[in-house]
Amino acid sequence: MKWINDSSALLIVDVQNDFIPGGELAVREGDQIVSVINELQNKFKHLIATQDFHPDDHGSFAANHPNRKPGEFVELAGLTQILWPVHCVQGTIGASFHPDLNQSQWKAIFQKGKNPEVDSYSGFFDNARRGDTGLGDYLKSIGVERVFVCGLALDYCVKFTALDAKSLGFETFLIADATRAVNLNPDDGELAIAEMEAVGIGILTSKDL
Ligand code: VGL
Ligand code: ZN
């Protein structure tokens, strides 16, 4: 089956220095997906990236809550929020895309996590589903019907971006070898894939494409 057509888009989620080994919220083997994604990019007409882009007073940072450490929970925007190390702060190298990631053909970059009051894993909506980045309307405006999701991290931003894409009516696929998980719990990546499959998201590898 030929999966990619002119109404297909590749969504490259948060391939930023802070999510790469050596970064502030490093994802194991996160660097290994960069060459896979660069290869994939050649196959798509529409390349769109998301960028985690926090102000330094962001409420998801443990450092902004007295006596709290990463991995602990607080309430934020009425939701249970896991606390993260300071990461992807606007204007820092950590927020920049991996230097080897080819950005030359990208159509658009959607930034998220800019509201300090709420976290935003998905490239479409914040976690409270109030703020909308405009990604959904943008994809529809350029005729995209099918999206392929890759990037970091599988168990957070990739998963929630794929789930929202599916809920907005896009035919949605995960490219499983072009993503890696944070795995705060060792099974989180596998569970994320199972959750996506359960709602009808197709699981592919780059070899299938
Ligand atoms: C992400 C945790 C916090 C991600 C972003 O890109 O998956 N994870 N902020
Ligand atoms: Zn973040």
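Tabulated results
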| quantity | calculated |
| --- | --- |
| Qualifying residue in segment 88-100 (condition: open to solvent by 10 Å² or more (accessible area, probe 1.4 Å) and under 30 Å from Glu145 (Cβ atoms)) | yes |
| Residue that is nearest to ligand 1 (Cβ to nearest atom) [pool: residues in segment 155-188 that are open to solvent by 10 Å² or more (accessible area, probe 1.4 Å) and aromatic (Phe, Trp, Tyr)] | Tyr156 |
| Every residue from segment 26-47 that is under 14 Å from His98 (Cβ atoms), open to solvent by less than 20 Å² (accessible area, probe 1.4 Å) and within 15 Å of the chain's Cα centre (by Cα) | Val27, Gly30, Ile33, Val34, Ile37 |
| Scan of segment 132-154 for residues that are assigned to a loop (DSSP other than H, G, I, E, B), on the phi < 0 side of the Ramachandran plot and open to solvent by less than 40 Å² (accessible area, probe 1.4 Å), ordered by number | Val144, Ala153 |
| Residues of segment 137-175 that turn out to be out of contact with any His (no Cβ under 7 Å at 6 or more places or on another chain), closer than 17 Å to Ser8 by Cβ and more than 16 Å from ligand 2 (Cβ to nearest atom), as a count | 22 |
| Odd one out for His58, checked against (1) more than 11 Å from ligand 1 (Cβ to nearest atom); (2) surrounded by 15 or more Cβ atoms within 10 Å (Cβ to Cβ); (3) more than 17 Å from Gly151 (Cβ to Cβ) | (1) |
| Criterion (within 16 Å of ligand 1 (Cβ to nearest atom), closer than 20 Å to Leu184 by Cβ and in contact (Cβ under 8 Å) with a residue 60 or more places away in the chain) met by exactly one of Ile20, Ile12 | Ile20 |
| Matching entry among Gly123, Gly94 (being farther than 17 Å from Leu47 by Cβ and within 16 Å of ligand 1 (Cβ to nearest atom)) | Gly94 |
| Conditions (1) closer than 18 Å to Ser122 by Cβ; (2) away from ligand 2 (no atom under 16 Å from the Cβ); (3) open to solvent by 20 Å² or more (accessible area, probe 1.4 Å): number failed by Phe53 | (2) |
| Criterion violated by Ile109 - all others in (1) within 30 Å of Lys2 (Cβ to Cβ); (2) without any contact (Cβ under 8 Å) to a residue 60 or more places away in the chain; (3) among the aliphatic types (A, V, I, L, M); (4) open to solvent by 30 Å² or more (accessible area, probe 1.4 Å) satisfied | (2) |
| Residue within segment 72-87 that is among the aliphatic types (A, V, I, L, M), closer than 29 Å to Ser104 by Cα, surrounded by fewer than 20 Cβ atoms within 10 Å (Cβ to Cβ) and within 14 Å of ligand 1 (Cβ to nearest atom) present | yes |
| From Val199, Val158, Val147, residue being over 21 Å from Trp84 (Cα atoms), in contact (Cβ under 8 Å) with a residue 24 or more places away in the chain and out of contact with any Lys or Arg (no Cβ under 8 Å at 6 or more places or on another chain) | Val147 |
| Which listed residue, of Lys207, Lys159, is in a helix (DSSP H, G or I) and either small (Gly, Ala, Ser) or over 14 Å from the mean Cα position of the chain (by Cα) (or both) | Lys207 |
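The values are calculated or read from the model by the stated rules, or taken from the named source; none is laboratory data. Because the structure is predicted, anything quoted here is derived from the model rather than measured. Methodologically, a virtual Cβ is constructed for each residue, glycine included, from the backbone with ideal geometry; neighbour enumeration extends over all protein chains shown. Surface areas here come from the heavy atoms of the whole protein model, side chains and all, with no ligands, DNA or RNA. Shrake-Rupley method; radii C 1.70, N 1.55, O 1.52, S 1.80 Å.
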